[in-house]
1. Give, ordered by residue number, each residue of region B:642-681 whose 1.4 Å probe accessible area is reduced by a minimum of 10 Å² on adding the remaining protein chains to the chain alone.
2. Placing +1 on the Cβ of each Lys and Arg and -1 on the Cβ of each Asp and Glu in the protein assembly as shown, which of B:Ser331, A:Asn121, B:Leu548 has its Cα farthest towards the positive end of the resulting dipole?
3. What helices in chain B pass both tests, a Cα length along the helix axis of 27 Å or more and a mean Kyte hydropathy of -1.0 or higher, using whole DSSP H runs?
4. At q = 0.04, 0.05, 0.06, 0.07 Å⁻¹, what is the base-10 log of I(q)/I(0) for the protein assembly as shown according to the Debye formula with one equal point scatterer per Cα and no solvent? Please give it to two decimals.
5. Could you give the accessible area per residue of region A:68-152, probe 1.4 Å, as a whole number in Å²?
6. Could you tell me the extents of region A:68-152's C-alpha atoms along the three principal axes, largest first, rounded to whole Å?
7. Just name one of B:Pro938, B:Leu395, B:Leu611: the one whose Cα is farthest towards the positive end of the charge dipole of chain B (beta-carbon charges, Lys/Arg +1, Asp/Glu -1).
8. Name the lysines eligible as straight-distance cross-link partners of B:Lys496: C-alpha to C-alpha under 16 Å, and not fewer than 8 places from it in the same chain.
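The values are calculated or read from the model by the stated rules, or taken from the named source; none is laboratory data. All values derive from a computational prediction rather than experimental measurement. Heads up, the Cβs are rebuilt from the backbone with ideal geometry, glycines too, and the neighbour counts pull from every protein chain shown. With ligands, DNA and RNA removed, areas are computed over all heavy atoms of the protein, side chains included. Shrake-Rupley method; radii C 1.70, N 1.55, O 1.52, S 1.80 Å.
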Amino acid sequence: MDKGKAVMGTGRRWAVEFSDQSTVPSSRDILDPPGFSRASQEQDDSANSRQKKDAEATWKLQKAWEVAQSPFKNLMMMGFMMWMAGNTVHLFSIGITFSALWQPISALQSVGKIFEPFKDNKVELLMPKLVFLALNLGGLALGVWKLNTLGLLPTHASDWVSSLPPPQEVEHSGGGFVFH
Amino acid sequence: MAIRVFLTLLLFLSSAILSFSLYEDQAGLTDWHQRYIGKVKHAVFHTQKTGRKRVIVSTEENVVASLDLRHGEIFWRHVLGTKDAIDGVGIALGKYVITLSSEGSTLRAWNLPDGQMVWETSLHSAQHSKSLLSVPINLKVDKDYPIIVFGGGYLHAVSAIDGEVLWKKDFTAEGFEVQRVLQPPGSSIIYVLGFINFSEAVVYQIDSKSGEVVAEKSMMFPGGFSGEISSVSSDKVVVLDSTRSILVTIGFIDGDISFQKTPISDLVEDSGKAEILSALLSNMLAVKVNKRTLFVKVGGEGKLEVVDSLSDETAMSDSLPVADDQEAFASVHHEGSKIHLMVKLVNELDNVLLRETIQMDQHRGRVHKVFMNNYIRTDRSNGFRALIVMEDHSLLLLQQGAIVWSREEGLASVTDVTTAELPLGKDGVSVAKVEHTLFEWLKGHVLKLKGSLLLASPEDVVAIQELRVKSSGKNKLTRDHNGFRKLILALTRPGKLFALHTGDGRIVWSMLLKSPSNSQACERPNGISLYQWQVPHHHAMDENPSVLVVGKCGSDSSAPGVLSFVDVYTGKEISSSDIGHSVVQVMPLPFTDSTEQRLHLIADTVGHVHLYPKTSEALSIFQREFQNVYWYTVEADDGIIRGHVMKGSCSSETADEYCFTTRELWTVVFPSESEKIISTLTRKPNEVVHTQAKVNSDQDLLYKYVSRNLLFVATVSPKGAGEIGSVTPEESSLVVYLIDTITGRILHRLSHQGCQGPVHAVFSENWVVYHYFNLRAHKYEVTVVEIYDQSRAENKNVWKLILGKHNLTAPITSYSRPEVFTKSQSYFFAQSVKTIAVTSTAKGITSKQLLIGTIGDQILALDKRFVDPRRTLNPSQAEKEEGIIPLTDTLPIIPQAYITHSHKVEGLRGIVTAPSKLESTTHVFAYGVDLFYTRLAPSKTYDSLTDDFSYALLLITIVALVAAIYITWVLSEKKELSEKWR
């Protein structure tokens, strides 16, 4: 995920301009070398650009799939770390659990932004998005499950009863030994 | 969820700490210990020219002590057992203190300077009788005169050197009771005067060396004697006859007995029942007739003649030889707020050697006893000092017209204790004060930092210790944020109420109960119990809190009661009333009126119940709850517990609309041939319970049966009611009951075969812990019983609970037939116990500790987790995490868990706990002959930083971190700049 973001998000650093604007005759002050046919090159141009656009679309789709699948690696790592952390409440396990909850949530919030670079009317992004969502939801579920195994979810009756004060009594009594 | 996290963290914290303990330098920071001796009975002065001047006293709390005459401090002190009452005290050979105790059957000698026991002799005793100790006053130390002791029908002569019984004489057959033993100085013959059945006077002349009776004379007196006797000279005593109207002078010169009768009416006109003040005056007699004290001179032939009379109530001392064969005595009488001390010569009553007038605190009452001592001033004249015992049991030394020192000995007999808040502090502190404290604060913290970094010099350590003791204004007379500063109100047996500060234990105020009507019948009511009358918190904040002192005029149960309302802040009596009916029981109700006055019901002997305060508002509140108020009585002698319900107003009999009749509702009768009630107990009415559920490690729920209307009753078989070991295991059994006091239903019954009392128990939340003796195992045992509610157990559906569809907080009634089940477990306990209490905190969240007052007069704090019926031999991992301790047969006694650390609360009788505002902390006050106070945190102070916390270290760390951040930032900026320039 991070890799894709880094490449796609920051945009291009450099580019080679194949379509040379210097073909305008008025600006041309240097003659073409002998044997160089400019016409054949200009003829190729339209086919070339179509081909180029197709390549870009497939590349974008490929990248999108890569990004969509990236949470899986994360998931595996989280699972391993949770297993390492154990089931008792202490600083380490709580930290891991909360990061396991936080990462999917933040990823889900920015799902549109992540897939923005791959936006293209020729690219079908629905499937990668769905996979991305599913994997992140899986991560979230893992976090919640971990929270539950730590006993931090109020899923037992005891969690709801503990805060209840003892009931009032209707009758009152007093007494005891007689004062001497 | 937050609660869950909190509880889990709490559990984690509490399981980390197994026992309470403190470091050596923390002793005395929060705790204090005060030593007392009780009301003085006898006093013997020891004022030699060399050495420290001291007075040896014996008291009604069975204490023998040596006090410093200059400051009143205790040099040494021994507290004898509760059944070992001291009958006499004397000094023998100039170096031993001799005490006779246990009705004349135990004679002990203590070394005078340091109080070490030198010898102890058990004397043979056959019957109950008056006991008498006669220590010879010999000025020559080389000659060993025996100590003559009478007690239990035997006359013993005991050597003062080693306590060996030289001879003994059996008087049990004749029923002879020795009244006086006279040892004329320089003679080996002793005269023993006694009565047989109070009708025949007998004089024995006994050789003090061999115990042989040299001569015996007896004479019948037809009228019979009363027990009062006064010896006026070496050969004469004066007694009262049985009608108390005739004084009889008995002379026994050379063994011949002669009687001479003088009717009191011959001496004074207004005759009446006379009383001999038991003072030892030479040739003089003090008789009290009709509240007048007569001084009667005894002439050579036994002729009586009144020489002086005092109209006021007067206390007198024994006479004391002063120079030139003269004897003097001291008398003290009251006049308004002053007392007059007079020392007169016995032979010339007009010759007043000393007349002093001393202003006396009204709250000390009357003078009860006077002990006089003389000394030679630098100008060779006689000086006198007097030790006086007041009505409130305080002990004062008077010398040269001033009170040299005083001891509040009433605090040795505390009967009831409650706590009260201090007044709120004023806001706004002056700037100068802040600056001063800021500097002090910084200095203190630098010192503390030094201490924690192990840089402190020995002087610094002392300074740190001083600072800690003084720190945080723990002795201020205002309320603090944590609720650590409080007043302990202690009611004492003489009817004096003391307010002690929890910071250092000083007396903030004291007040002696007064009779409201000043009637003759009830001069001074004795205090019974103490109740919180008004604790303003929500409304009525501007009112001062007050307590109710219930007292009684006289000792029998039908004596009229007295109520006294005392302002807690000032110690002044707001009002007091003679309620005109007897007080059998007092029952604080859980209702308060608009001024936060708590409603109280007082039951009398006729079965009526009276409502207080007597206001119409209180009446309307009570009428609303009329049907729901019950009371019960425990008649231990008959083995019956009766429950009563309110019936109606008793306006048919009296016009009092605050009086109500009751109707008997139920009785529980224990079979008298097999069971005898020895102990009953209920929960403390003001205890706070946080939750009704108990959660197991597997998230299973148990509902506690938390009810205030539950009575714990322990019975033993009548044979086993005596001393431990007096019966065989087959003969004795112990049965405990849990009885609902509304319906009389027995909820639980548990029988211990082969066990015996005494039972000491503590009842809190849903559990009872009790301590008894197991005759089969020859060990003490502790049993815990936890009570759970089965009828609420089906409330386990989470969704119903989330949606609030449950009846767990609905008010419950005892008539709904509670289904309870109990869990119990027993353990051996290595110590004998005097009393058990339990810690109480503000919200009831903190785990509890049992406070066990051991036979050694110390207090042991034992975690409740040790007495948990869920303990098993091999707890699972989850149970271990929960804090369940593996089961052992004996409860551990961890030496560090003694909260009294190096102190002993001599004669420990009770332990009182009260919550502070901080949930983790509880006040503990223990009383007996001594007083002890400390603060406890059963789960450690999880909600506050400890006193040792070094704020300076924290501050320095923060400053250092900020500085480090700044420096690294500057460095990184520089580096970046140089990078760019490259």
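1. B:Thr680
2. Positive-most Cα among the choices belongs to A:Asn121.
3. Numbers: long enough: B:431-452 (31 Å, 0.01); B:951-981 (45 Å, 1.00).
Membrane-span-like by this rule: B:431-452, B:951-981.
4. -0.35, -0.51, -0.68, -0.87
5. Values: 5010 Å² over 85 residues.
About 59 Å² of surface per residue is accessible.
6. Rounded to whole Å, the extents work out to 51, 18, 16 Å.
7. Ranked along the dipole, the leading option is B:Pro938.
8. B:Lys39, B:Lys514, B:Lys552, B:Lys572
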